[in-house]
Amino acid sequence: MGNFVGKAILPANLDRVLGKKFVSESQLRENARLTKHQSNKSIEVLIERGLLQKWVAPKCLACDYVWPEYPSEDDIEEEIFCPVCNETTPSEFITFYDVYKVMWGG
């Protein structure tokens, strides 16, 4: 099988695909040394104050890459295209994770 180039990642989407300015509950918990309950409550408060925004991140079956892709579960498409390995997988076989976009800072 030869090498091929997949769908282009537009410059406006590059930081998102790389996960910049996104955090998971487990990252927050580990970095701030919080309990699971404390990190979940902190996320609730930060969302209420507009400092975090919930997104959905698929995990590619082919390469295990996880990236923030959808602002809500309603936006999930029938097929998921991985920007790293260029594989397309039906969404019914994909595991999705909650991630949070950081809405402050530069």
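Structure notes:
- Ranking of 93, 22 by count of other Cβ atoms within 10 Å, fewest first: 93, 22
- Mean Cβ count within 10 Å, highest first, over the residues of peptides 24-32, 58-66: 58-66, 24-32
- Between the listed residues 27, 97, 82, the Cα displaced farthest toward the positive end of the dipole of region 13-102, a dipole computed from Cβ unit charges relative to the Cα centre, is found at 27.
- Taking 0.36 nm per residue of separation and subtracting the Cα-Cα distance, full extension of the segment from residue 88 to residue 51 would add 10.1 nm.
- Within the same chain, aspartates and glutamates fewer than 8 places from residue 54 are excluded, and of the rest, those with a Cα less than 18 Å from its Cα are 15, 25, 44, 69, 73, 74, 75, 77, 98.
Read the figures in this text as sums done on the coordinates, not as results from a lab. This is a predicted model, so every value here is computed, not measured. Heads up, the Cβs are rebuilt from the backbone with ideal geometry, glycines too, and the neighbour counts pull from every protein chain shown.
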